[in-house]
Structures are given as structure tokens and as C-alpha cells.
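Asks: The structure under discussion is supplied below as C-alpha cells; questions concerning it will follow.
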Amino acid sequence: MQFANPQEARDFLAKHPEVRSIELMLIDAGGIPRGKLLHRDELLAMYENGRPLPSSILSLTIQGEDVEESGLVWEVADADCWTYPLPGSLCLQPWRAVPTGQVQVSMHPTQGLPATPGDPRHVLARTIDALKADGYHPVMAVELEFYLLDKARDANGRPQPAVQMNGMRPQAPQVYGVYELEQMQPFLDDLYAACEVQGLPVRTAISEYAPGQLELTLEHRFDALQAVDEGVRYKRLVKGVANRHGLQACFMAKPFGDQAGSGLHMHVSLADENGNNMMASDDPQGTPLLRHAIGGMMATLDDALAIFCPNANSFRRFQANSYAPLAKSWGVNNRTVSFRVPGGPAGSRHVEHRICGADANPYLAAAAILAGIHKGIREQIDPGPAIVGNGYEQARETLPTDWLTALRNLENSSWAREALGEDFLKVFLAIKWAEYRQFMGEVGEQDWRWYLNHA
């Protein structure tokens, strides 16, 4: 694990004397940034000596409640665990009313114990290292869909899309509508400007398949860990910029039962150490390596589904003819399948993993994807024939459609224990079972499936 040089802090403080506070953030198992607001006088010491955070910070539910079963709360006396800053993460938060910095930290491998195994970024780093040891360098890009909502609810207390520049609230999907993008120009202008300040490679903006739903793409990176770091920081930035505009950026998988869900699409290929795409092929279906990678992702999909779809709401997204996949399927230039090989020139051949909801933790999702790919390559798993045409009508093996089954599959998976780490899996499952019990207590066993489909 590489941490930042203290010179970064010295340079930042000298360049930005106006900054008085710096947001320190650590990403927890739920993908939520947690941390502290530091005074500028504390920054350099943090770079030089680290900064302690309580072990329980990595044992929290999505509502921020301790999970005692994680082993990171009382039995370790909620011990201080040392974090250190990540290189290149120190930057400005341009959406703040008062000049404020931002720095991302991660647990130190040894000084961060006992919390280190619960750090999701370490899980991804180990998975990447395992692939590199076999000569494969994962190249990734992150795409996140989200809704831009009013902070005020409608007359029935439901969320509602943000009012556009023309004073109207969007009602129709208007997918790919350029006028709809124009109506969001003040927000998008500030978002692009903030991304430029933070060095995030945001590219194309798209009006997605619902009123107020957007997607902005991030450029692929040869360094997969960098790509996911940028995806995590981009999500934090979107929420911040939306808040500055008096709006709410919503990354729930399915915030509206009658509208499209929001996905986290991850694009992945494998390169050699010189950056050459090992999946490149004139054949649209790619090389044997590409097909084995898909085979591995298909073979591990049931076991990893609770990573890709970590909440009860996640499973509401899976509906036929909704651009959310329903089966273990793959195809070329086909958005009705789970694993899409996009069209394009031979050198760009890669796989788009379309299963994750926007509520998934990008670190864990990427780790599970890459570990599945590694298994497929090692065991030369055949994914079967590619789907041609409507994948919803040709589903051969459908995905589990409920949270309980997904959690049980993950808990019983020997592959997941090896791929993600037994210590991490213990923490993650303790958190998810605590969330599941809380969810069940709210709706009751009898009403559970009804709630998933209708709430």
C-alpha cells in the first residue's frame, strides 16, 4: 500500500493559504465516506505520522450504527487505528461556501490493525496484485447513474425530480435528450468545473432513461485502483455539487418503482505490463482470454451478488426490459445482457459489467469482478454462446432476486473467502446481516417480498 509524501501537504498549504479546513475521508464497507474535518494546522502532521480513527468506523451500517458482531467495536475497545493519506487525493472541494480541502485516507497495513482487514480499498488492492503477479494488468473505467432530485418532497412525501431551468419539472424519460442536458446546465457546468479542480477525468454526460436521471462517464485508466479511487471521489463530488445547488444527488439502485433503476457499470480489460490490450481482437467476440474472463464472472456471479447488490432496494432494479440484466448472460453490442462486449475497433475490446446497482461499493464491486475474471482465466471457463437479440427472452439461468438468498450465497462461498479475504468477509457479513435484521424488523417476515416489489 503506497501512501502520500508529506511534500504534497506542504505544497498544498503553501498554494492555498485561504483553506482553513480539510475533509478527511475513509470509505467504509457500504461505500460511505466517513472521517473528520481537520484544521489546516493538523494536515502536515497527518501526512508525517498518520491520523488515528476508531476501529468501529469500519463496522458501521449504512445508517452509521455500530455492529458489535464485526469484532471491531467493544472486544477491541474501539481502538485507535492509524490511517495515512493516499497519493494525489489532496485537493479542493470547490462546492463549499468556505475554501475547504479534501484528502482520502486508508488504513495502514500494520498500524491500522485491527481495522485494516475491514478497509475495502485493501481488498481491491490485493485482487489487483494477484492478477499482476500472473502478468495481467487490469484496466478499468467506472460509470455511475444517478437521479438529480429536489430536496423538497411532493405532496405525497415522495422524492421528485429537480425543476429545470425552464421552471418545469421533467415528467417524461427523454432518454439521450440534449435539451434536458441544457436544462441542467448550471449544475453540469459546476460539476465539470469541480471535476477539473480535483483532476477527475469526467467525459460524456447523458440524459438517462428517466426524468432527472443522469450519467457521466469517467475515462478508463491503466491503473485500475486509480480508476476506482476516481469513481469514489466523483460520487462524493456529485453529492457536494448537488447540495450547493439546493438539490440531492440520489444513487439508490431503484428510488422509483415505476422508473428506471440506477446502475454502476464497470468496464474492464486486461493489459500486459506495457499497456497493450490482451483482449484486443478483430473478432467482435474477443480473444479466448476475454471469453474466459466472462466465464469466470458468470461462474462467481451468484456468490458475488450481495457485493454487487448490497441492499434490499438493490433487487428492485432487476426487471425485464429495463436495461438491468436478469440472467447470467453475455453478448456483443447488446444491452440486454449482464456482460456486454461493446463494439468498436479491435484495440478497444473489453467487457462492460452491468449488474451492480449504483449503491454498490465500487472497491468491493471491482474486487469481486477482477477475482471472478482471475478464476475464469486460471480455469479456462467457457461462458457458452453469446446471446444474439433480446437477452430477456433468452434467459437460461436467472439471477437470485432477493437479498436473503444473495447473503446466504456469499456467506457459504469458499471462493469469496479466498478472493475477498476471510477477515474482511467476516466484517462485511456482520454488517449486512445487521442491516437485514433491521430491515426485517421494520417490515416483518410476512411482508418482506411484498416490500421488495412495492415499497
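Asks: Out of Glu215, Glu230, Glu219, which single residue is open to solvent by 60 Å² or more (accessible area, probe 1.4 Å), among the acidic types (Asp, Glu), within 28 Å of Arg340 (Cα to Cα) and within 16 Å of the chain's Cα centre (by Cα)? Walk me through it before giving the result.
Replies: Working: Glu215 fails: open to solvent by 60 Å² or more (accessible area, probe 1.4 Å); Glu230 fails: open to solvent by 60 Å² or more (accessible area, probe 1.4 Å).
None of the other options fit; the residue is Glu219.
Asks: Just to be sure before I move on: is Val178 of a type in the set (A, V, I, L, M, F, W, C) and modelled with pLDDT of 90 or more in the structure I sent?
Replies: Numbers: of a type in the set (A, V, I, L, M, F, W, C): yes; modelled with pLDDT of 90 or more: no.
So Val178 does not fit the description; no.
Asks: Given Asp402, Asp447, which one is modelled with pLDDT under 90, among the acidic types (Asp, Glu) and under 18 Å from Cys309 (Cα atoms)?
Replies: After applying the criteria, what remains is Asp402.
Asks: Next up: Being out of contact with any Leu (no Cβ under 9 Å at 6 or more places or on another chain), surrounded by fewer than 22 Cβ atoms within 10 Å (Cβ to Cβ) and closer than 21 Å to Leu420 by Cβ is the filter here, so list the residues in region 293-322 that pass it.
Replies: The answer is Ala299, Asn311.
Asks: If you go through region 246-265 one residue at a time, do you hit one that is open to solvent by 10 Å² or more (accessible area, probe 1.4 Å) and of a type in the set (Ser, Thr, Tyr)?
Replies: No, that holds for no residue.
Asks: For residues in region 367-385 being surrounded by 21 or more Cβ atoms within 10 Å (Cβ to Cβ) and of a type in the set (Gly, Ala, Ser), which is farthest from Ala141 (Cα to Cα)?
Replies: By that ranking, first place goes to Gly376.
Asks: Test of understanding: among Leu124, Leu144, which residue is within 27 Å of Arg244 (Cβ to Cβ) and of a type outside the set (Val, Ile, Thr)?
Replies: Criteria check complete, one pass: Leu144.
Asks: Additional query: For Gln174, indicate whether it is surrounded by 13 or more Cβ atoms within 10 Å (Cβ to Cβ), more than 23 Å from Thr217 (Cα to Cα) and of a type in the set (S, T, N, Q). Break it down into steps so the answer makes sense when it comes.
Replies: Values: surrounded by 13 or more Cβ atoms within 10 Å (Cβ to Cβ): yes; more than 23 Å from Thr217 (Cα to Cα): no; of a type in the set (S, T, N, Q): yes.
So Gln174 fails the test.
Asks: Sort out which residues of region 323-366 are closer than 16 Å to Pro138 by Cβ, open to solvent by less than 30 Å² (accessible area, probe 1.4 Å) and of a type in the set (Gly, Ala, Ser), and write them in order of number.
Replies: Passing the criteria: Ala365, Ala366.
Asks: Given (1) closer than 30 Å to Gly347 by Cβ; (2) open to solvent by less than 20 Å² (accessible area, probe 1.4 Å), where does Tyr136 come up short, assuming only one miss?
Replies: (2)
Asks: Cβ-Cβ under 8 Å, sequence separation 6+ or interchain: first residue in region 54-70 and within 11 Å of Lys432 (Cα to Cα) and open to solvent by less than 40 Å² (accessible area, probe 1.4 Å), partner part of a strand (DSSP E or B) and of a type in the set (Gly, Ala, Ser). Which pairs?
Replies: Sorted first by the residue in region 54-70, then by its partner, the list stays empty.
For every residue, the table says whether it meets (1) crowded, with 19+ Cβ neighbours inside 10 Å; (2) hydrophobic (A, V, I, L, M, F, W, C).
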{"position": "Pro117", "(1), (2)": "yes, no"}
{"position": "Leu124", "(1), (2)": "yes, yes"}
{"position": "Ile128", "(1), (2)": "yes, yes"}
{"position": "Lys132", "(1), (2)": "no, no"}
{"position": "Arg153", "(1), (2)": "no, no"}
{"position": "Asn156", "(1), (2)": "no, no"}
{"position": "Phe187", "(1), (2)": "yes, yes"}
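The values are calculated or read from the model by the stated rules, or taken from the named source; none is laboratory data. As the structure is a computational prediction, the values presented were derived from the model and not from experiment. A quick note on method: Cβ atoms are made from the backbone with ideal geometry, for glycine too, and the neighbour counts reach across all protein chains shown. Note: areas computed on protein heavy atoms with side chains; ligands, DNA, RNA excluded. Shrake-Rupley method; radii C 1.70, N 1.55, O 1.52, S 1.80 Å.
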